[in-house]
Every structure is written in structure tokens, then in C-alpha cells.
Amino acid sequence: MKIDELLKKEIDEQMEKIQAPSSMYEFAKNIKEESEKRADYEKSTRRKRGWRKSQFVIAAAISLGVLTGSAFLNPAMAEVMSKIPYLGQVFHKPIQVVMLETLEKEGYKPDGIGMGISGQKALFDIRLKGTEEYVKQEEDKVLRILTETLEKRGYDNYELMVSDAREVPPVLNEIDKERDELDEELMSDLQGAGYPIMNVNTFGPVVNVYIPIADEAKKVEIYKVAIELLEANGSPKQVQVITRDVTEEEIESQWMSAKTSIEEGLFLKKEYRVADIRYSYKPEKVSITIMTNMKSSDPETKEIVTKIRKEITEFLDSEEVKRMTENQKYELIIQDKNGNDFP
């Protein structure tokens, strides 16, 4: 029996011994409904984000929420959790989810937590509901609470920023609405004219039209029709017709959750000294390139590279991630600060 199957069996046995509160069963009934609502939300907002996608498996997060909560009370369960690889724990319980839950337990009403990379650190933007004065008053306490939360997870490479979630002015809401309508109308008109349009994005000064074909003559034809439709709509803009590979798009979507876990796990720890992570989603193989700030001559380099490789391969070779990525082949490349591959 494989280690993942043994781990699953042990978790199942321990879960049977845990008596969950009745409210949890009621909440679990709504998982499917909430998943469908989220899917609808993702579909409706996809054009605003261009081609950036974010996936979040609600059922998995909820089940691990029960699991990790029980681990603190059950020594046997704590031992089971300790067997899950580091990136596997990140995968099941993303840090932004942990931070939101922590703030809510403390009585705050977070409007959202954004995460990006600033310089060599992860930057979290925590937005709280409330007046500007209230947020300033609570800022130090919120920073202290979240610092403790991040430190418990072993993270030490980040900055925190707290801001108030101000209501979007009505005029901006109206602009967003008009742009959404233009997106829908342009895509509908182009598809109605018989063109294989995958998506359109009218939010910038240049309208991007995405198609799954590389026929240059067809791209010119679509370009001319899009220009005419925009002018007829009273929204003259420049147009760019972009070819997107359908297969690569599907592969990227399958890998999104794994990608997010890898980035969180590596960027938020100083010891890994990661500068950037890049991906190539080809049908024959997914390529993951980890660019570090290390020199090949540094005495600790070999140990750190070995650890990074071990963390990622254990995670990607787990049964759960292999199912999610449909057992897609991958290669892992780790580079020094000069762009040279480590052996």
C-alpha cells in the first residue's frame, strides 16, 4: 500500500473518532451550493481579470479545516498531520484563508486579503471594513495577530499592510457596468458573425480579442470586424487579436491550485531565497523554473537546492495532486542568481 493510501486510511480512522458539532453537518449540506455559486462568480468575473485564473476547492478547504482543528485536540491526529508534506499542508489550507478566519474569530470584518511580491518579499494587503479612523485604531493589533499567525506557520519573508475597504464610488460602478456590457456585446457579435472567439477584454486602452487559431488572414479579418463593431457602438478603440492555445489554457487551469501552493510555500520562507518562479504549460510537459538569489559557490547552496527539490517533488508526486493535474509530466529547474541551472 502506498504512503498516500496509508495516510488516507489513518486519517479516515481518526476522523471517525471525532465528534463534529451539529452545525458543521448543516454547513456541509451547503458545500455543493456554495461551490456552484463560486463557479458562477468565477465565470462572471473572468473577463475582468483577463487570463488570470484562481481556483479554490471549497470542499477540500472545509474538510481540512475540520482536520486541522481536531489535530490540536487529538494527539493521534496531530501525529497524522505531521506526516503530510509541507507543501501539502499549504495546498489544503492557503495562508490567506487562515488569515481571514483568524481575523473573523477576533471579531474583525475583513473585506479581503491580497497577496503579491514586492522586491524579495511577499506583501499582504489586508482590507478591513470600517471607517478610516477605526482601521488606524486597530492596525497595530491586527498586525500583531497576523504576525503570530504567519510565524506559527514558519513564515518569515513578508510584509503586512492594513487598509480600510472603502466603498467604490457609484461612478466607478457605472463604468464597470458599461465595460462589462461592452465585453458581452462584442463577444456575442463576433461569435454571431461566425468567428471562434474564446474571450474579449475591453478594460484597457487596447481591446484584446482571444482566438484559438493562428491563421493570420483570419486574425486580420477579425480585427477589422471588431474595429467596425466598436465604432458602431460608440466605443472606438485599438484592437489586438491574440492566439491562445486551448490545450495550454486547460493545463494551466488544472495546475492553478498546485502553482499557488508552491509559490506560497517558497516565497514566504527566507531560507529558500527564491527570486521568481516561472511556468511553461506544454502538453508534453509542464516546466517549473525556480530562480533563486543563491550563488553556486555559497556553502549552504547545495543543501537548500536539495530541500527545495524535495519539497516540490514530494508535493507534486502525491496522489491528490497527481489526480488534480491528471498525472501530467513535469520538469523542475532550479537556477542560481546568474540564471545557471543547478545540477
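The values are calculated or read from the model by the stated rules, or taken from the named source; none is laboratory data. Not measured: the values here are computed from a predicted model. Cβ: placed from backbone, ideal geometry, glycine included. Neighbour counts: every protein chain shown. The accessibility values were calculated without ligands, DNA or RNA, using every heavy atom of the protein model including side chains. Shrake-Rupley method; radii C 1.70, N 1.55, O 1.52, S 1.80 Å.
Annotations for the structure displayed:
- For region 214-225, the Karplus equation 6.51 cos²θ - 1.76 cosθ + 1.60, evaluated at θ = phi - 60°, returns couplings of 10, 6, 5, 4, 5, 5, 5, 4, 5, 4, 5, 5 Hz by residue, with Gly and Pro reported as x.
- Solvent-accessible area assigned to carbon and sulfur over region 183-339 amounts to 46 percent, based on a 1.4 Å probe.
- Cα centre as origin, Lys/Arg/Asp/Glu Cβ charges: region 192-313 dipole, Debye: 420 debye
- Relative contact order of region 218-343, defined on C-alpha pairs under 8 angstrom at six or more residues apart (%): 22 percent
- 1.4 Å probe accessible area per residue over region 208-343, in Å²: 52 Å²
- When only the Cβ of Lys, Arg, Asp and Glu is charged (+1, +1, -1, -1), the dipole of region 276-343 relative to its Cα centre reaches about 160 debye.
- Modelled FRET efficiency - R0 41 Å, Asp215 with Ser118, Cβ distances, 0.05 increments: 0.50
- Per-residue 3J(HN,Hα) values for region 124-140, derived from phi via the Karplus relation 6.51 cos²θ - 1.76 cosθ + 1.60 with θ = phi - 60°, read 9, 10, 9, 9, 10, 6, x, 6, 4, 5, 5, 5, 4, 5, 9, 4, 4 Hz in sequence order (x marks Gly and Pro).
- If you look at the Cα atoms of region 241-343, you get an Rg and a Dmax of 14.5, 50 Å.
- Label point distance in nm, Glu231-Thr289, each placed 7 Å from Cα along Cα→Cβ: 4.2 nm
- Computed from the C-beta positions of Glu314 and Val206, the FRET efficiency with R₀ = 51 Å rounds to 0.75.
- Inter-part distance, region 266-332 to region 94-147, computed on C-alpha centroids, equals 28 Å.
- In terms of packing, defined here as the mean over residues of other Cβ atoms within 10 angstrom, the peptides 271-283, 105-117 line up highest first as 271-283, 105-117.
- Between Tyr134 and Gln238, the contour length at 0.36 nm per residue exceeds the alpha carbon distance by 33.0 nm.
- Protection-proxy order for peptides 247-256, 136-145, each taking the mean of Cβ atoms within 10 Å per residue, highest first: 247-256, 136-145
- Residue ranges 237-243, 216-222 sort as 237-243, 216-222 when ordered by packing (mean number of other C-beta atoms within 10 Å per residue, highest first).
- The length gained by stretching the chain between Ser280 and Asn338 to full extension, at 0.36 nm per residue less their Cα-Cα distance, is 18.9 nm.
- Leading residue at positive end of dipole, region 79-214 (Cβ point charges), from Pro110, Thr202, Gly130: Pro110
- Set of region 82-123 residues, backbone N closer than 12 Å to the point 7 Å along the Cα-Cβ line of Glu271: 86
- For region 181-197, putting each phi into the Karplus relation 6.51 cos²θ - 1.76 cosθ + 1.60 with θ = phi - 60° gives couplings of 5, 5, 3, 4, 5, 5, 5, 5, 5, 5, 5, x, 7, x, 8, x, 8 Hz, in residue order, rounded to whole numbers and with x for Gly and Pro.
- Extension gain, Lys224 back to Glu181 (0.36 nm per residue minus Cα-Cα distance, nm): 13.4 nm
- Average projected area [Cα convex hull, region 163-265], square nanometres: 9.3 nm²
- Placing pseudo-labels 7 Å out from each Cα toward the beta carbon at Thr306 and Lys141 gives an inter-label distance of 4.8 nm.
- Number of Lys pairs (Cα under 29 Å; 8 or more positions apart or on different chains) in region 115-240: 15
- Only Cα pairs under 8 Å and 6+ residues apart enter the sum, and on that basis the relative contact order of region 105-175 stands at 36 percent.
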